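The values are calculated or read from the model by the stated rules, or taken from the named source; none is laboratory data. Please read these numbers as outputs of a predicted model, since none were measured by experiment. Methodologically, a virtual Cβ is constructed for each residue, glycine included, from the backbone with ideal geometry; neighbour enumeration extends over all protein chains shown. To get the accessible areas, we keep the full protein, side chains included, count just its heavy atoms, and leave off ligands, DNA and RNA. Shrake-Rupley method; radii C 1.70, N 1.55, O 1.52, S 1.80 Å.
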Amino acid sequence: MTFWQEVAAGFLGNVLAGFLLVALYVLIQWFLQVTDITIGYGWKWDGPPDNARNVRPAFDIRNLSRSRTYKLSNVAYLKDGRPVAPFDNRSVWGRELGPGCIDIVEAAPVASFTSLDQAMKSEVHVRLQGKRLFWLQGVGPGQQRKGRLQRAAFWLRDKLERMAFPLE
């Protein structure tokens, strides 16, 4: 190999290594942001279950981030991707989720739900405030996480956390 071929090979190798490291960094940051918040929920009501009144979700929200604070925005009630009740823009608005916190948040009663069965057949989505607005689907009674990628990401984060391998 000539001198210039060696220089070109070294330059291209360093550029490729730099690109690979940047891509790995972006992938890790994406993974951490996607798996920062986990939301579970259950339904609360007043009265006996067969005559439920004031049906409302109670969220178990966990901020797994060690450095980011999030704020809640609103709650949506969907069935097959279509709204079944008005968005709840007031009961959880501005609620802060500090780094590493676990919080129980009760939303306001859903006026459109007249029975517990109607509530159990709907999906509940929570939206966060901030520059990056996205919907977080709560995993509630009888629901699984949507998609293989989401299940795999949370499985991997859980395994890494159990190994006490700090990601941040």
| Å² of accessible area per residue within segment 34-162, as computed with a 1.4 Å probe and no ligands counted | 57 Å²
| note | The helix 148-162 Cα axis meets the longest alpha-carbon principal axis of the chain at an angle in degrees, between 0 and 90 and rounded to 10, of 80 degrees
| request: Measure nothing but the geometry: give the 0 to 90° angle between the long axis through the Cα atoms of 3-34 and the longest principal axis through the Cα atoms of the chain, rounded to 10°. | output: 10 degrees
| said: Could you put Glu123, Glu96 in order of accessible surface area, largest first, with the 1.4 Å probe and the full protein assembly present? | reply: Glu96, Glu123
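Of the peptides 39-51, 16-28, 66-78, 152-164, how do they stack up when ordered by the mean number of other Cβ atoms within 10 Å, highest first?
Values: 39-51: 13.8, 16-28: 10.2, 66-78: 17.2, 152-164: 12.2.
Sorting 39-51, 16-28, 66-78, 152-164 by mean packing, highest first, produces 66-78, 39-51, 152-164, 16-28.
Could you work out what % of the accessible surface of segment 34-162 is carbon and sulfur, using a 1.4 angstrom probe and leaving DNA, RNA and ligands out of the count? Kindly include the intermediate steps, with their values, before the conclusion.
Working: 3710 of 7360 Å².
On segment 34-162, the fraction of accessible area on carbon and sulfur atoms equals 50 percent.
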| For the chain, Kirkwood radius (reciprocal of mean inverse C-alpha pair distance, Å) | 18.6 Å
| field | Net lengthening on full extension, Glu106/Trp93 (0.36 nm per residue, minus Cα-Cα) | value | 3.5 nm
| task | Report the semi-axes of the equivalent ellipsoid for segment 67-133 in whole Å, largest first, where each axis is √(5λ) for an eigenvalue λ of the Cα gyration tensor. | result | 25, 13, 10
